[in-house]
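Read through the structure below, which is laid out as structure tokens, and then see the notes.
The values are calculated or read from the model by the stated rules, or taken from the named source; none is laboratory data. Because the structure is predicted, anything quoted here is derived from the model rather than measured. For neighbour counting, all protein chains shown are included, and Cβ atoms are generated from backbone atoms with ideal geometry for every residue, glycine included. Please note that ligands, DNA and RNA were not included when accessible areas were found on the heavy atoms of the full protein model with its side chains. Shrake-Rupley method; radii C 1.70, N 1.55, O 1.52, S 1.80 Å.
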Amino acid sequence: MNPVTKLVSEKHESIRASDDVILFGDSRVDQWCNLPFSATSKIGIGGATAAELAWGLDSVLEGKFSQIAYVQCGINDLKYLGVMEGDFENSVKRCVGDIQKIAKRLKALGAESVVVIGIFPIGEIPIVRKPFWSDEIDAARLEVNKLLSEQSGEYEYIDCDDVLNDASCFRDELHLSPMGYERVNRVVRASRK
């Protein structure tokens, strides 16, 4: 059992059966504050790639994804492009495929519907990270979101780029501030109407 599989399994055990919304993803889900609905649980694994999260879901038993599951992950799959440039197309393809595997698996686990949230924008890159960062990362993020939107058959797709449009939305280059989460919450709530 890999560490992400174990963490997904442990966090799955803590989900309240009464919750009809599950947020699933990486640290951006783990740090999600002021959850969008009162009956919401989250499974967020810091540092996990979409591939690891898809693999981790294989250990989860059916039955706790009763109504709707939101998926937000993928930035960890792309951020290594800053040190390993040249793998753009394969990185995008793998990331899209793994997020789609997650959506399919959540449906198989019992979610009535799955909503994939496009990979959030990137905040300001600090000077210490700039040597390990590349413009390819955001270009790949945009391409992943475009493909996820175009290929959404088994899931709904929502994008939050328009609301995460200023520095106050970010705590750091990868994570949102409480204001950022509140803006995302408005988009998420609107998707249920």
Residue count, the range 171-181 (criterion: open to solvent by 20 Å² or more (accessible area, probe 1.4 Å) and under 16 Å from the mean Cα position of the chain (by Cα)): 2
Restricting the range 145-165 to residues that are touching a Pro at 6+ places or on another chain (Cβ under 9 Å) and open to solvent by 20 Å² or more (accessible area, probe 1.4 Å), the residue that is modelled with the lowest pLDDT: Asn165
Residue pairs meeting the criteria (Cβ under 6 Å; at least 6 apart or on separate chains; first open to solvent by less than 50 Å² (accessible area, probe 1.4 Å), in the range 60-74; second assigned to a loop (DSSP other than H, G, I, E, B) and at pLDDT 90 or above): Cys73/Asp26; Gly74/Ile119
When residues of the range 75-86 are limited to those that are more than 24 Å from Leu35 (Cα to Cα) and surrounded by 15 or more Cβ atoms within 10 Å (Cβ to Cβ), the one modelled with the lowest pLDDT: Gly82
Some residue of the range 155-166 being without any contact (Cβ under 8 Å) to a residue 40 or more places away in the chain and either in contact with a helix residue (DSSP H, G or I) (Cβ under 8 Å, 6 or more places away or on another chain) or assigned to a helix (DSSP H, G or I) (or both): yes
